[in-house]
1. Quick check on Ile89: is it of a type in the set (A, V, I, L, M) and either farther than 30 Å from Leu8 by Cβ or modelled with pLDDT of 75 or more (or both)?
2. Given the criterion hydrophobic (A, V, I, L, M, F, W, C), at pLDDT 75 or above and closer than 30 Å to Asp14 by Cα, identify the matching residue among Ala37, Ala50.
3. Can you tell me which of (1) assigned to a helix (DSSP H, G or I); (2) without any contact (Cβ under 8 Å) to a residue 12 or more places away in the chain is the one Asn20 doesn't meet?
4. Considering only residues that are surrounded by 10 or more Cβ atoms within 10 Å (Cβ to Cβ) and assigned to a loop (DSSP other than H, G, I, E, B), which ones fall in region 25-49?
Amino acid sequence: MHNGFEQLGPFTIDELKEQNINRETPVWYKGLARWTAAENIDEIKGILNALPQPTMIQHSFPKKKPFQKEDSELVTKQKKESRIYMLLILLVLFLALGYLFLIYKSSSDLLVG
């Protein structure tokens, strides 16, 4: 038997009953080519059937709602807002550069004239 960290055993069938094995516990014995899930070993199936079935644990994670049209509309709205902000930034930069150009031109006209 393997517990995920180390190899344990060997065990007799009676000793395996005390080892808390489950259907997925890796088991190997002489004659097996590789480690095999306990549920695939005929000699162990009787032990597994006697074990209590695992209980389902209910978690209270918030359910994720499926993608809906409103989500798509929200994304579209956010993209439009982003474009508007980018255009406003470009407009302010363009106006600032134009203003600087006018100041430069008028100061150079005063020097020449």
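The values are calculated or read from the model by the stated rules, or taken from the named source; none is laboratory data. If you're wondering where the values come from, they're calculated on a predicted model, not measured in any experiment. Methodologically, a virtual Cβ is constructed for each residue, glycine included, from the backbone with ideal geometry; neighbour enumeration extends over all protein chains shown.
1. Numbers: of a type in the set (A, V, I, L, M): yes; either farther than 30 Å from Leu8 by Cβ or modelled with pLDDT of 75 or more (or both): yes.
Answer is yes for this residue.
2. Details: Ala50 fails: at pLDDT 75 or above.
One residue alone meets the criteria, Ala37.
3. Looking at each condition in turn, Asn20 falls short on (1).
4. Listed by number, the residues that qualify are Thr25, Trp28, Tyr29, Leu32, Trp35, Ile41.
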